[in-house]
Amino acid sequence: NEDSRRLKSETEDFLDRRLGSFEILLDRLTKTVAEGRARLSIVAQQPAHEVSLDDTASGLFNQDEEL
């Protein structure tokens, strides 16, 4: 009877430590996901870079163009 109480107590202590570690891991994961979502929302809110259809504005070299 004493052995079973001791074993139960040790098991509860072990599980409490494991659950505590898991809780810390989940908290870190939640923060990481929130930071990632915040970064994505910042990128999504930035205006898109406008592309000009003017060939001279593109900065590409045209070998057929006379200088």
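General observations
- Criterion violated by I24 - all others in (1) on the phi > 0 side of the Ramachandran plot; (2) modelled with pLDDT of 75 or more satisfied: (1)
- When E66, E10, E50 are checked against the criterion of being outside any loop (DSSP other than H, G, I, E, B), more than 19 Å from the chain's Cα centre (by Cα) and either modelled with pLDDT of 75 or more or loosely packed, with under 10 Cβ neighbours inside 10 Å (or both), E10 stands alone in meeting it.
The values are calculated or read from the model by the stated rules, or taken from the named source; none is laboratory data. Predicted, not measured: the structure shown is a model, and the values here were computed from it. Counting neighbours? That spans all protein chains shown, and the Cβs are built from the backbone with ideal geometry, glycine included.
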